[in-house]
1. Please work out which residue is surrounded by the fewest Cβ atoms within 10 Å (Cβ to Cβ), limiting yourself to segment 156-196 and to residues that are under 36 Å from the mean Cα position of the chain (by Cα), closer than 30 Å to Trp209 by Cβ and aromatic (Phe, Trp, Tyr).
2. Within segment 82-102, can one find any residue that is under 23 Å from Thr159 (Cβ atoms), within 25 Å of the chain's Cα centre (by Cα), in a loop (DSSP other than H, G, I, E, B) and not β-branched (Val, Ile, Thr)?
3. Tell me the residue from Ser70, Ser75, Ser105 that is small (Gly, Ala, Ser) and surrounded by fewer than 11 Cβ atoms within 10 Å (Cβ to Cβ), please.
4. If you scan segment 106-165, which residues turn out to be of a type in the set (Gly, Ala, Ser) and within 30 Å of Val238 (Cα to Cα)?
Amino acid sequence: MAGGVRPLRGLRALCRVLLFLSQFCILSGGEQSQALAQSVKDPGPTRTFTVVPRAAESTEIPPYVMKCPSNGLCSRLPADCIDCTTNFSCIYGKPVTFDCAVKPSVTCVDQDFKSQKNFIINMTCRFCWQLPETDYECTNSTSCMTVSCPRQRYPANCTVRDHVHCLGNRTFPKMLYCNWTGGYKWSTALALSITLGGFGADRFYLGQWREGLGKLFSFGGLGIWTLIDVLLIGVGYVGPADGSLYI
C-alpha cells in the first residue's frame, strides 16, 4: 500500500503545478489583451500630413520664338531673336560690327552648320528713326485731308521690319503726310467730267453732291463750270470729298 500511495501523491503535485502554470498564463495573456485593446481604443494624438503638390514646370514658349527660324544662320535672325551689345558712339552712316547672342529657346547655326550662340553682326550705324521709309511700317490715318494746301500731316507709330537692324527703339513716332485712298479713280472722274460734266456726274462720283446739284440745275454753269472742272480734275486739284487720294 505504501508503494502505491507515493505515485499518487507525486501525480497530485504535478497536477497542481500544471494548474498553477495554466492560471498564470491566463492572467498574463489577459493583461496583454487588455493593454492591446486599450491601445486600439486610444490611439494617442493623431498627426496630420499635408501633401503639397509639386509646382508644374513652365512649358510656355516665349512669343518671340514664333519669329525665329529654327536652325537658320545666326547672322540672318530677326532683331527680336537676338541681344546685341551696341555702341551709340559710332559714326553715322559707317559700317559697324556688334557682338550678339541668341535669346533663350532660339537655335541657329554658323556658316559651317554648327550650333552657335554668340556671333558678330554687321550693320550701318544709324538710329531706327533714321532708316529709309522702305525699312519700317507705319500706321495709317483716314481722318486727314490728302488734298489740301498746305499738305496735312498726322502722327503715326512706326515699327522697323524684322530683318532690319538699327540702334535705339524699334518702335517710334513720326509725322507723316496724309497718304490714303478711298478707291476713287482719277481716270473715271476725268472721263465723267468730259462726257457728263454738264449734269454734275463727276461731282456726284467724287462725293460732292452739293456741287453736283449746282451743275445739274445750271447745266454745267452754261458750260463754263464744266470746262473749269475738266481742268481742275485733270491736274488733280479737285479730289474725292473724303480727302483721299486717287488710285
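Laboratory data are not the source of any read-out in this text; all were calculated from the coordinates shown. A quick note: this is a predicted structure, and the numbers were derived from the prediction, not measured. Ideal geometry is used to build each Cβ from the backbone, glycine not excepted, and the neighbour counts take in all protein chains shown.
1. This residue is Tyr177.
2. For segment 82-102, residues under 23 Å from Thr159 (Cβ atoms), within 25 Å of the chain's Cα centre (by Cα), in a loop (DSSP other than H, G, I, E, B) and not β-branched (Val, Ile, Thr): absent.
3. Only one candidate qualifies: Ser70.
4. Ser141, Ser143, Ser148, Ala156
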